[in-house]
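The values are calculated or read from the model by the stated rules, or taken from the named source; none is laboratory data. Since this is a predicted model, take the numbers as computed values, not measurements. Here the Cβ positions follow ideal geometry from the backbone for every residue, glycine too, while neighbour counts run over all protein chains shown. Side chains included, ligands, DNA and RNA excluded: accessible areas come from the protein's heavy atoms. Shrake-Rupley method; radii C 1.70, N 1.55, O 1.52, S 1.80 Å.
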Amino acid sequence: MSSECNHDCESCSQNCDDRKPASLKADLNEASSVKKVISIVSGKGGVGKSLVTSLLAVAMNRKGYKTGILDADITGPSIPRGFGLKERAMSGEFGIIPVPSATGIDILSINSILPNETDPVLWRGPLIAGTIRQFWSQTFWNAIDYMFVDMPPGTGDVPLTVFQSLPVDGIVIVTSPQELVSMIVGKAINMARAMNVPVLGIVENMSWFQCDQCGKRHTLFGESHIEEVAKEYGIDTVSRLPIDPNLTRLCDTGRIETYEGELLPEILAKIES
């Protein structure tokens, strides 16, 4: 280190041993305010990541927090459908204006920008990554207490972009009760730890189905091993979601905000702590 070092590595051209890498964080819009960012991740697709993102946002909104959803699943967006959003995102004085849900949750998804929700997104990784950064830095997020980020599945380029570009305060992992769960959850946990992001908890979706005739619970995907997996990785917070035909119906008809079932209380308590 030079004796004249001012400790500002970003403005320095020297390549000394103590040089710190430049931050890859994207700047938040100057007019915006976001207090906490929670990412919802999964090691594989089809386990209900968007559903959990939506339920957490609805639950925190009901608690009186100003809540937002950034849909980072650019090639497989489903958040607007669950909330029944047809309105297009517009540009305003301070940037892109998210589309508000019926109960006031601010939502931005690629489907809020495309002319038609069925238009495919045939983009390569760098363009997708740039879009996510734009969703964060060029959008007017007005006084958001909790921002929930619906991540694409896996541990590839796009999830890495979110971790590097956004100030993620914690992640929630979504999985299902299958034998491969340990390996899949392990990949997500190890990625989070490599990025120094705390794991707030695990949600096991499709955990059981309760028969409306006999009241018995049936484990359609086999017995759960989520407690053992959580213990193996030192995760102390686990929530379970049953297969609920009513919830499925509400999502399909854009009325998820009217769901009256239990909304992941263990995970909510961890997020608020």
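What the table below lists for this structure:
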quantity	calculated
Cross-link pairs beyond the 22 Å C-alpha cut-off, checked among Lys63/Lys270; Lys44/Lys187; Lys63/Lys86	Lys63/Lys86
Extended-chain gain in nm, criterion 0.36 nm per residue less alpha-carbon gap, Asp212 and Glu262	16.3 nm
Those residues of segment 161-192 whose amide nitrogen sits under 15 Å from the label point placed on Thr219, 7 Å along Cα→Cβ	176-182
Acute angle (nearest 10 degrees) that the helix 125-137 long axis makes with the longest principal axis of the chain, alpha-carbon atoms	90 degrees
Calculated SAXS-style log₁₀ I(q)/I(0) at q = 0.11, 0.13, 0.14, 0.25 Å⁻¹ - segment 52-130, Debye, Cα scatterers	-0.29, -0.41, -0.47, -1.26
Evaluated at q = 0.09, 0.13, 0.21 Å⁻¹: base-10 log I(q)/I(0), Debye formula over Cα of segment 60-202	-0.29, -0.61, -1.44
Formal net charge of residues neighbouring Val41 (Cβ-Cβ distance under 11 Å; K, R +1; D, E -1)	+1
Cα-based Rg of segment 199-273 normalised by 2.2 N^0.38 Å, two decimals	1.24
Expected 222 nm ellipticity per residue - DSSP helices of 4 or more, -39500 (n - 2.57), all of the chain, to 500	-8500 deg cm²/dmol
Correct option for Cα Rg over 2.2 N^0.38 Å [calculated from the coordinates] among (i) 1.07; (ii) 0.94; (iii) 1.18	(i)
Accessible surface, the chain, averaged per residue in Å² (probe 1.4 Å)	51 Å²
Assigned charges on the beta-carbon of Lys, Arg, Asp, Glu; the chain dipole about Cα centre (debye)	360 debye
Directionally averaged shadow of segment 114-273, computed from the convex hull of its alpha-carbon atoms, nm²	11.9 nm²
Added length on full extension, which subtracts the Cα-Cα distance from 0.36 nm per residue, Leu122 to Met195	23.5 nm
Relative contact order, percent, the chain [alpha-carbon distance under 8 Å, six or more residues apart]	24 percent
Point-to-point label distance, Lys86-Ala143, nm (Cα→Cβ direction, 7 Å offset)	3.1 nm
Separation of alpha-carbon centers, segment 66-136 and segment 190-212, rounded to whole Å	24 Å
Value of relative contact order over segment 119-273, rounded to a whole percent, pairs C-alpha under 8 Å and six or more apart	19 percent
Tilt relative to the chain, helix 181-194 - C-alpha long axis, 0 to 90 degrees, to 10	20 degrees
Mean-position separation - Cα centroids, segment 22-52 and segment 219-267, in angstrom	20 Å
Computed over segment 19-125: relative contact order in percent, which uses C-alpha pairs under 8 Å that are six or more apart	23 percent
DSSP bridge orientation in segment 58-165 - percent antiparallel, rounded to nearest 5	35 percent
Portion, in percent, of the accessible area of the chain that falls on carbon or sulfur, probe 1.4 Å	50 percent
